[in-house]
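Below: one structure, written as structure tokens.
Quick note: the coordinates plus some simple rules give every number you see, no bench work behind them. Given the structure is predicted, the values throughout are model-derived calculations rather than measurements. No Cβ is skipped: glycine too gets one built from the backbone with ideal geometry, and neighbour counts run over all protein chains shown.
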Amino acid sequence: MKNNEIIEKIIKERRNVRAFSNKKVSKKVTSKIIEMGIWAPNHRMTEPWKFTVIQKNSEKRLLISKKIENYIKENSNNNNPETVQKIADKAKAEFELCPLIIYVSSSSGKNEEETLENYSSTSIAIQNMSLYAWSLGIGIGWSTGKPIKVKGLRKIIEAPNSSIIAGCLYMGYIQKKSDIIKKSRTNHLKKTIWK
């Protein structure tokens, strides 16, 4: 296979996944995935990203998982307490049992334009990480929901108050690639204007 064909295959196959095996992602592999992230383009060479790796069974992991549970209980629109508890328990367990969690934050810029550029670059870094991880049989579930909305998160992950938390990455070796649903996209020509 040619390089361009390999890249195309990985781009089209990659999915946001959270069904992982119990196999541990080593520090060496994790570090390499993060290294691939920092090769994202970034205007003005601000290198705005910061990565906080939260190990399984660590105090921080347990603290954040409890905060996720509380966030769901406090913010759910569901009126059935039993249903809310089930949802909260599931989210808490998913966070606790995930082989590896990485929080990614983006530095604020000197102005709104630079802040947006920084966030865009950080998002590209996450995509780079996802593509490289996928090539190793590792999936990443990129969450911009509950895990980044919990109270006091910036302090826990040591992110400056001025930063933007770009995502919480659930990460692990993919349980079964055969179970991953293939998806399609609208033809790019329908989303492209040629002038």
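Using 0.36 nm per residue and subtracting the Cα-Cα separation, the extra length available between residue 35 and residue 177 on full extension is 48.7 nm.
When the C-alpha to C-alpha distance is required to be over 31 Å, the pairs from 86/155; 23/149; 9/73; 32/176 that qualify are 9/73. In this structure the amide hydrogen of residue 165, modeled in the peptide plane, comes within under 5 Å of the amide hydrogens of 106, none closer than 5 places in sequence on its chain. Distances between placed amide hydrogens fall under 5 Å for residue 54 paired with 101, 102, 103, all partners being 5 or more residues away or on another chain. If amide hydrogens are placed 1.01 Å from N in the peptide plane, which non-local residues have theirs closer than 5 Å to the one on residue 138? It is 174, by chain and number.
Applied to region 62-72, the Karplus parametrisation 6.51 cos²θ - 1.76 cosθ + 1.60 on θ = phi - 60° returns per-residue 3J(HN,Hα) values of 5, 5, 5, 4, 5, 5, 5, 4, 5, 4, 5 Hz, with x for Gly and Pro.
Computed from the Cα positions only, the extents of the chain along the three principal axes stand at 54, 46, 39 Å, in decreasing order. Of all lysines in the structure, the ones whose alpha carbon falls short of 20 Å from that of residue 27, not counting any fewer than 8 places away in one chain, are 50, 56, 60. Remark: 168, 98 ranked as 98, 168, counting other beta-carbon atoms within 10 Å and listing the fewest first. Peptides 87-96, 185-194 ranked from most to least packed, by the mean per-residue count of other Cβ atoms within 10 Å: 87-96, 185-194.
Its DSSP H runs of at least 4 residues, each contributing -39,500 (n - 2.57), put the calculated 222 nm mean residue ellipticity of the chain at -14500 deg cm²/dmol, to the nearest 500.
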